[in-house]
Amino acid sequence: MEKYISVLKQCGLFKEIEKENLIAMLECLGAKIIDVRKNDVIFQEGSASRSIGIVLSGAVQMVQDDFYGNRTIVTQTEEHGIFGESFACAGVSSLPVSFIASKDCKIMLIDCSRITNTCCNACAFHKQIIFNLLQLVAKKNLDFHQKIEITSKRTTREKIMAYLLSAAKQAGTNAFMIPYDRQGLADYLGVERSAMSAELSKLRREKVIECHKNHFTIL
């Protein structure tokens, strides 16, 4: 566990928790680490939700497949981010989404009930970690609201620009990287890849943007 302390200290779940307390805390929470290959499923749609995942390395996507097999990327979680917390806290008996590794990953899993229920040792960190978890769930809800605003735009062009302007604002610069390849971006926006690629080419010709792979510049 000790070699992951530097990553865990960047995780919002452990904010304001001293480094020397982390090892004892993880033991109390029953944390375990698993290796996951790219494209492997971590939490399967339809299964019960009990654990919170922390990305120690790699990236994890929350995806939803419709009846015809069309995939939508709901969100992507990068290193030191957490996933599955909203469903675990709600105690849903059947996940409406799946969580899939978009890269080779190391994942820490923590049983949510070990966080929300104070242990017999009455560890001092419990109050802080519950507060941190509440903040993270609230922030994730705000992120979902932002995605709804983006994907509710009428045209593919409007969806692309809404997403890119949001990413530029978050990065604090007009030149930035996004966490998706072309197919991933199309799945996130809920559009056809070919239509999206055509709009990106048009935006480049009009000198609205420049892009190379997942690096974008708004002109």
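The values are calculated or read from the model by the stated rules, or taken from the named source; none is laboratory data. Everything numeric in this text was worked out from a predicted model, so none of it was measured. Neighbour counts run over all protein chains shown; Cβ positions are idealised from the backbone, glycine included. Ligands, DNA and RNA are excluded from the accessible area calculation, which covers all protein heavy atoms including side chains. Shrake-Rupley method; radii C 1.70, N 1.55, O 1.52, S 1.80 Å.
How large, in percent, is the carbon and sulfur part of the accessible surface of segment 1-50 at a probe radius of 1.4 Å? Don't skip to the end; give the middle numbers.
Values: 1350 of 3180 Å².
Answer for segment 1-50 is 42 percent, counting heavy atoms of protein chains only.
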Charges on Cβ only, +1 for Lys and Arg, -1 for Asp and Glu, centred on the Cα centroid of the chain; of 128, 217, 92, which one is farthest towards the dipole's positive end? 217
Alpha carbon Rg of segment 66-142, scaled by the compact-globule rule 2.2 N^0.38 Å: 1.29
Ignoring ligands, DNA and RNA, what percent of the accessible area of segment 106-219 is carbon or sulfur (1.4 Å)? 53
List the residue ranges in the chain for DSSP H helices whose C-alpha atoms run 27 angstrom or more along the long axis and whose Kyte-Doolittle average is -1.0 or above. 125-151
Probe 1.4 Å, heavy atoms of protein chains only: per residue, the accessible area of segment 23-123 in Å² is 49
Choice from 68, 180, 188 showing the highest fluctuation, given a GNM over the chain with Cα pairs closer than 10 Å: 68
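Less than 14 Å Cβ to Cβ from residue 51, Lys/Arg counted +1 and Asp/Glu -1: what total charge do the surrounding residues give? Could the numbers behind the result be given before it?
Numbers: positive: 32, 50, 114; negative: 85, 111.
Here the charged neighbours net out to +1.
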I'd like the distance separating the alpha-carbon centroids of segment 159-190 and segment 54-131, in whole Å. 23
Find out how many positive minus negative residues lie around residue 111, taking Lys and Arg as positive, Asp and Glu as negative, among other residues whose Cβ is under 14 Å from that of residue 111. +1
So if R0 is 22 Å, what FRET efficiency would residue 33 and residue 117 give, r being the distance between their Cβ atoms, rounded to the nearest 0.05? 0.50
For the chain, with only Lys/Arg (+1) and Asp/Glu (-1) charged at the beta-carbon, what is the dipole magnitude about the Cα centre, in debye rounded to 20? 580
Mind listing P(r) for the chain? All alpha-carbon pairs, 10 Å bins, whole percents. 8, 30, 32, 20, 8, 1, 0
